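K.L.:
Please see the structure below; I have some questions.
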Amino acid sequence: MREKERQKYMKLVGTAVFCMILFFLIAAGNIASATTSQSAIPTGSNDLFTLSNVTVFDTVLCSGQSCPKDDYPYKYSNPNDVDPWGTYFRECTSFANWRLRSRNGFNISPSGNANNWANWASGQGYSVNKNPAVGSIAQWTSGTYGHVAWVEAVNSNGTVTIEEYNYIWPPGHVYSERTISAGSVENYIHFKDINPGPPPITEGSFIVYQGNVYRIAGGA
């Protein structure tokens, strides 16, 4: 009886050891799989965040807008590297330079930090005032470096909608869009404003047709 009991006991121990080994092998395989999956994310040496994190940040910062609205081509570049215009990637100045080129067709790079843009523009003969326009640059001189943003829209309720980079911290160096009071902006720089087109024709509007001036009456 003792020999049979010993053999039975040894079988139980062997089964337990086998189950433990099998458990550890499965666990190790899952860890290796997770590691491989994570390392497969193409972050690259020029990315500050993984692509999955950037998507999350974009979704939050877009405030319901479509994230592809951020067409800045250097959104994954290293912020410590210099962009084609002599500023740093993913800074407010870099994004403003990109917007001026891609939307306004303006190809001269303003000099210095954001807090110097108004002085530089004025010295070059460009208009700097308190009047917003589509395509103008909203500029603030406060802080160590100041801030600039691109004016996307001038709204009838006294606000402006702006696009910018590197305004929200954390995480920093990402796109955001805000609608703010037009009067809260220190300066509007008019390098090459975008013509928003003629105002809509409504009751009371005046139009010129074949040399004659007409006023639109109700019901037109």
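K.L.:
With each label point set 7 Å from Cα along the Cα-Cβ vector, what nm distance links Asn195 and Asn119?
P.N.:
Label at Asn195, label at Asn119, 3.5 nm between them.
K.L.:
So, in nm, how far is label Thr144 from label Ser102 when the simple model puts each one 7 Å beyond its Cα toward the Cβ?
P.N.:
Each label point lies 7 Å from its Cα, and together they span 2.8 nm.
K.L.:
Then there's this: Once phi is turned into ³J(HN,Hα) by the Karplus curve 6.51 cos²θ - 1.76 cosθ + 1.60 with θ = phi - 60°, what whole-Hz value does each residue of the stretch 153-166 show in order, with x for glycine and proline?
P.N.:
Couplings: 8, 10, 9, 6, 9, x, 10, 10, 9, 10, 10, 7, 10, 6 Hz.
The numbers here are math on the coordinates, done by the rules we state, and not lab data. Values in this document were obtained by computation on a predicted structure and should not be read as measured data. Heads up, the Cβs are rebuilt from the backbone with ideal geometry, glycines too, and the neighbour counts pull from every protein chain shown.
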